[in-house]
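Only one structure is covered here, and it is reproduced in the block below.
The values are calculated or read from the model by the stated rules, or taken from the named source; none is laboratory data. Here the structure is a predicted model, which is why all the values come from computation and not from measurement. Cβ atoms come from the backbone with ideal geometry, glycine included; neighbour counts cover every protein chain shown.
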Amino acid sequence: MSAIEIPEESLFGLDNLPYGVFAAGGAAPRAGVRVADSVIDLAVALRDEVFAAPALNPFMAEGPARWAAARARITELITAGDLPAGAVRPVRDVELRLPFEIADYVDFYASEHHAANLGRLFRPNADPLMPNWKHLPVGYHGRAGTVVVSGTDVVRPTGQRKGPDDPAPVFGPSIRLDIEAELGFVVGVGSPVGTPVPASAFADRVFGAVLVNDWSARDLQAWEYVPLGPHLGKSFATSVSPWVVPLAALQAARVPLPGQEPKPLPYLCETEDWGLDIDLTVEWNGEVVSRPPYRSMYWSPAQMLAHMTVNGASTRTGDLFASGTISGPERGQRGAFIELTWGGAEPVTVNGEPRTFLQDGDTVTISATAPGSAGGRIGFGEVTATILPARPAGAS
């Protein structure tokens, strides 16, 4: 039998237990739980073939009672030091994979600070927020097929752009490549077509949360987004962290929303608080440039899910919906470089150099922590990627 030593300051203690998918020793990918600096092979530890699948989807589909039972059993085995031989591997010895098969992907726009900053940048002589913004969680439907796991390089996207002095659009690599530091939520139990999911059912449907970087080509986006919204400026890549922090681990992080005025329509009214006290850190080539606070978000994930399904849209196991850029009221809390550098007019210093948007070879890493039930902090791990040069059109 095996025991795992958990340092007191570990972000991956018994109050966390995030799920992921790993491969090791030439074996097929399978589900695991991170504890301290180890990964528990759940198919071995729990003797349950649902965890031998190469994605968390079959387990997530089993629902909240099953999630709670598995978490309790894992905690019991770790506490007793009674893990079967061969069930524990060092994190450094495994390859982390995309933790779940992405069914659909929706990205919201739930930070008032972010939305207002972009409004001031793009519409300096108008109200920063559009008239609908405080009445509903604005979002767009993204591309599930280009959601990738942390560590996957991102190729600079190519497309049409038109600067203010260009007489016509030009084609080429994006020159205003940006990040969006976000939190994503993973649907465990789907809902059928024609059946809205109320905000009160959030915890019955959503399995857990991941970190998200919704890479954005701001120049491509600016030319294409009127009248239908983001398309090629967003669809080339979205990165997610390899660990899914279960909702059960976030109970101590739950806080009231900062306040909603006017009061939302009844279908968006919450019966429980699903604001979350989560602190993110954004590193650009190893240097911290921003610390976005999720607690400042205007719309909650429960409201996002309710709005996403109120028209009868179905959800499926593995659906991912993200918060949109997380930004706070201070400059050092902005979760996108277009805000942080005010459209490129106010560069930030990275490794001694003034920088605005991403260059080839740049690496961006987003990490996060939250209060844990044991009184310390729990971690989400990180989502990281390096920018590769654009490929010529037609290249394979």
Give me the pairs, please: first residue somewhere in the range 142-168 and surrounded by 12 or more Cβ atoms within 10 Å (Cβ to Cβ), second residue anywhere and modelled with pLDDT under 95 and in a loop (DSSP other than H, G, I, E, B), beta-carbon distance under 8 Å, and either six or more positions apart or on two chains.
-> GLY142/PRO230; VAL155/ARG391; THR158/ARG391; THR158/ALA393
Residue hits (the range 258-304; basic (Lys, Arg), in a loop (DSSP other than H, G, I, E, B) and either outside the structural domain of PRO354 (by TED's automatic domain parsing) or crowded, with 16+ Cβ neighbours inside 10 Å (or both)) are ARG291
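Just checking, does the range 67-85 include any residue being free of Cβ contacts under 8 Å to residues at least 24 places away in the same chain, farther than 30 Å from SER2 by Cβ and not aliphatic (A, V, I, L, M)? Outline the logic, then answer.
Going through the range 67-85, the residues free of Cβ contacts under 8 Å to residues at least 24 places away in the same chain turn out to be 69, 72, 76, 80.
Still in the list and also farther than 30 Å from SER2 by Cβ: none.
Checking the range 67-85: not a single residue is free of Cβ contacts under 8 Å to residues at least 24 places away in the same chain, farther than 30 Å from SER2 by Cβ and not aliphatic (A, V, I, L, M).
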Condition set in contact with a Pro (Cβ under 9 Å, 6 or more places away or on another chain) and of a type in the set (Lys, Arg), scope the range 54-113, selection nearest to ASP204 (Cα to Cα): answer is ARG71
Search the range 108-130 for residues that are in contact (Cβ under 8 Å) with a residue 40 or more places away in the chain and more than 22 Å from THR238 (Cβ to Cβ) and pair each with any residue that is acidic (Asp, Glu) and surrounded by fewer than 14 Cβ atoms within 10 Å (Cβ to Cβ) when their beta-carbon atoms are under 6 Å apart and the residues are at least 6 apart or on different chains.
-> none
Give the residues of the range 288-342 that are within 25 Å of GLY119 (Cα to Cα) and of a type in the set (S, T, N, Q), sorted by residue number.
-> SER290, SER296, SER300, GLN303, SER323, THR325, SER327, GLN333, THR341
Which of the residues that make up the range 84-111 are touching a Leu at 6+ places or on another chain (Cβ under 9 Å) and either among the small types (Gly, Ala, Ser) or more than 26 Å from TRP215 (Cβ to Cβ) (or both)?
-> PRO84, ALA87, ALA103
Tally time: how many residues in the range 40-52 are surrounded by fewer than 23 Cβ atoms within 10 Å (Cβ to Cβ) and not in a helix (DSSP H, G or I)?
-> 3
Log entry, pairs with first residue in the range 282-307 being touching a residue at least 40 places away in the same chain (Cβ under 8 Å) and within 30 Å of ASP360 (Cα to Cα), second being surrounded by fewer than 24 Cβ atoms within 10 Å (Cβ to Cβ) and basic (Lys, Arg), beta carbons closer than 9 Å, six or more apart or on different chains, reads VAL282/ARG291; TRP284/ARG355; ASN285/ARG355; VAL289/ARG355; SER290/ARG331
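Among the listed residues VAL226, VAL212, identify the single one that is out of contact with any Phe, Trp or Tyr (no Cβ under 7 Å at 6 or more places or on another chain), part of a strand (DSSP E or B) and among the hydrophobic types (A, V, I, L, M, F, W, C). Full working, then the answer.
Working: VAL226 fails: part of a strand (DSSP E or B).
None of the other options fit; the residue is VAL212.
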Selection within the range 370-384 - in contact with a strand residue (DSSP E or B) (Cβ under 9 Å, 6 or more places away or on another chain) and either over 18 Å from SER239 (Cα atoms) or not assigned by TED's automatic domain parsing to the domain that holds GLY159 (or both) | ALA370, PRO371, GLY372, ARG377, ILE378
When you look at SER241, is it within 15 Å of the chain's Cα centre (by Cα), modelled with pLDDT of 95 or more and surrounded by 17 or more Cβ atoms within 10 Å (Cβ to Cβ), yes or no?
-> yes
Only one of (1) part of a loop (DSSP other than H, G, I, E, B); (2) surrounded by fewer than 15 Cβ atoms within 10 Å (Cβ to Cβ) is not met by SER200, so which one is it?
-> (1)
When (1) of a type in the set (A, V, I, L, M, F, W, C); (2) under 17 Å from VAL106 (Cβ atoms); (3) modelled with pLDDT of 95 or more are applied to LEU228, the one that fails is (3)
